[in-house]
Every structure is written in structure tokens, then in C-alpha cells.
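For reference, the structure discussed in these notes is given below.
The values are calculated or read from the model by the stated rules, or taken from the named source; none is laboratory data. Keep in mind that what you see is a predicted model, and the values were worked out from it rather than measured. Every residue, glycine as well, gets a Cβ built from its backbone with ideal geometry; the counts of neighbours run over all protein chains shown.
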Amino acid sequence: MSNIIWWTVKNIATVGFVGYLPVAPGTWGSLAALIFIAVFKFSAPVYVLVTVFVIAVGTVSAHEVEKPLGRKDPGLIVIDEFAGYLVSMMFLPQSAGYFFSAFILFRIFDILKPPPLKKLQELQGGMGVMLDDIAAGIYTNLILQLWRLLT
């Protein structure tokens, strides 16, 4: 892999410098996604396209960065938390209350990994890095959609 491709893949997987933050890089990766969607305020169709793109590119980049490091889901890869948070907020109001609620719920699910999230993380390569966070995002989104319906 050429140096420029490696640099690009590594920067996608680590969301630039975010994955190198010394404490709780996954939390910072989620916060980066929150800021990203709060700043850009995508329409629903564009939001879906951006999310699918981040998941696809994130899966490939996570796979390529994980291989040479020789470690399963190293902490510096935070594109999975970024993508998972995007899933958390899909089709929800882009308000401070939902941003905060999704952030807290997503981090809880990502850290505790209730079934079957832990099983998904056992998958190899980029899929194993990404799928547990995407599922945590789905759990978060379902709870917030239910909350939205009931209030």
C-alpha cells in the first residue's frame, strides 16, 4: 500500500487526530460525530447517504489499519464510534436534547455491549470493528424513536 493511501486510510479510521487522544478515544469519536451532524444539519436523504458512506469507508479503513497493528479493534480506530453515533441519530430531530440523549445512550451500549453486541465484535477485520457500534447505534435509535412516539 502506498504511503498516501496508508495515510488516508489511517486518517479515516482514526477520524484524523481523534483516535490519538490519550483518554477515552471512543467517546471523543462519538463526540466528533455529534459535532459533525450538528454543524452540517443534513436533510434526511443526505444524512442516510453520508451514514452509509461512513459505514462502508469505515469498514474498509478499520480493516486495513487493524492488520498491520496486529491487534483486534485497537483503541485508536474510532470511525466505528463515529458511524455508530450517526446511526443513533438517524431520522431523529436534530436538537440538543436528542444529541445529548443519543450520546449518553450510545456510549452506554457501546461500553456495556449487551447481547448480541459482544458477539458482533468477535467478527474478524473491519466488520468486527464496525458492527457492534452500528448495533449500539440501532439500539439507541430504537429507544429514542420509541421515546419520540410516546411523548
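All of 54, 50 fail the test of being over 10 Å from the mean Cα position of the chain (by Cα), of a type outside the set (Asp, Glu) and either assigned to a helix (DSSP H, G or I) or modelled with pLDDT of 95 or more (or both), apart from 50.
On the basis of being at pLDDT 95 or above and crowded, with 20+ Cβ neighbours inside 10 Å, does residue 61 make the cut? Spelling it out, residue 61 is indeed at pLDDT 95 or above and crowded, with 20+ Cβ neighbours inside 10 Å. Scanning the range 139-151 for residues that are among the polar types (S, T, N, Q) and either in contact with a strand residue (DSSP E or B) (Cβ under 6 Å, 6 or more places away or on another chain) or loosely packed, with under 12 Cβ neighbours inside 10 Å (or both) yields one hit, 151.
Taken over the range 110-130, the criterion of being at negative phi, part of a helix (DSSP H, G or I) and more than 12 Å from the chain's Cα centre (by Cα) is satisfied by 111, 112, 117, 118, 119, 120, 121, 126, 127, 128.
Of all residues in the range 65-90, those satisfying the criterion of being surrounded by fewer than 19 Cβ atoms within 10 Å (Cβ to Cβ) and in a helix (DSSP H, G or I) are 67, 68, 69. Scanning the range 30-47 for residues that are of a type in the set (A, V, I, L, M, F, W, C) and either part of a helix (DSSP H, G or I) or touching a strand residue (DSSP E or B) at 6+ places or on another chain (Cβ under 7 Å) (or both) returns 31, 32, 33, 34, 35, 36, 37, 38, 39, 40, 44, 46. I want to confirm something. Restricting to the range 97-134 and keeping residues that are under 19 Å from residue 13 (Cβ atoms) and among the small types (Gly, Ala, Ser), which single residue is surrounded by the most Cβ atoms within 10 Å (Cβ to Cβ)? Ranking the qualifying residues of the range 97-134, first place goes to 126. Taking the criterion of being over 10 Å from residue 73 (Cβ atoms) and either touching a residue at least 60 places away in the same chain (Cβ under 8 Å) or touching a strand residue (DSSP E or B) at 6+ places or on another chain (Cβ under 7 Å) (or both), the residues of the range 127-138 that qualify are 127, 134.
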